[in-house]
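Reviewing the structure listed below.
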Amino acid sequence: MNKLYIGNLNENVTAEDLVKTFEDYKIPYSGQFLMKTGYAFVDCPDDQWAMKAIETFSGKVELHGKRIEVEHSVPKKQRYLLSLNRSTIVCLLYIKTALAYCKA
């Protein structure tokens, strides 16, 4: 997965700020930065560069007074499924504990 999520951005951060930051650290990217309020997305050429960007920037680089967070972007559908799986596991553990208590 080569798409990156860049979070914890100050509302004044621009695409140009991110371009300069990536260029300063010699991290290549493809296409344009998709900017939203407080976060952005960008593609990296491959997984190795995506991991390098995460290691280089996440929690270590500050833009406009805030340390940015960089991680792999997870599509909404997958985030929902991950959330659903966690909830299912919690429910099953609760049921297992309740059954064990009832048998005692």
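Read-outs throughout are calculated quantities, based only on the coordinates presented, and are distinct from any laboratory measurement. On a predicted model such as this, the values are computed, not experimentally measured, just so you know. Positions of Cβ are backbone-derived with ideal geometry, glycine not excepted, and every protein chain shown enters the neighbour counts.
Of note:
- For the pair Glu23 and His64 in one chain, pulling the backbone fully straight at 0.36 nm per residue adds 13.1 nm over the alpha carbon distance.
- Of the trypsin sites (Lys or Arg not before Pro) in segment 1-68, the ones in a loop by DSSP (not H, G, I, E or B) with at most 14 other beta carbons within 10 Å are Lys26, Lys60.
- Cα Rg, Dmax (largest Cα-Cα span) when computed across segment 3-78, Å: 11.3, 34
- Straight Cα distances below 18 angstrom link Lys20 to the aspartates and glutamates Glu11, Asp43, Glu55, Glu62, Glu69, with same-chain residues fewer than 8 positions distant left out.
- Each residue of segment 22-32 was assigned a 3J(HN,Hα) from its phi angle through the Karplus expression (A = 6.51, B = -1.76, C = 1.60, θ = phi - 60°), giving 4, 5, 4, 9, 6, 9, x, 9, 10, x, 9 Hz with x at Gly and Pro.
- Taking amide H as placed 1.01 Å from N in the peptide plane, Val70 has its amide H under 5 Å from the amide H of Gly7, Ser58, Gly59, each at least 5 places away in sequence or on another chain.
- Charge context of Leu63, other residues only, Cβ under 14 angstrom, K/R +1, D/E -1: -3
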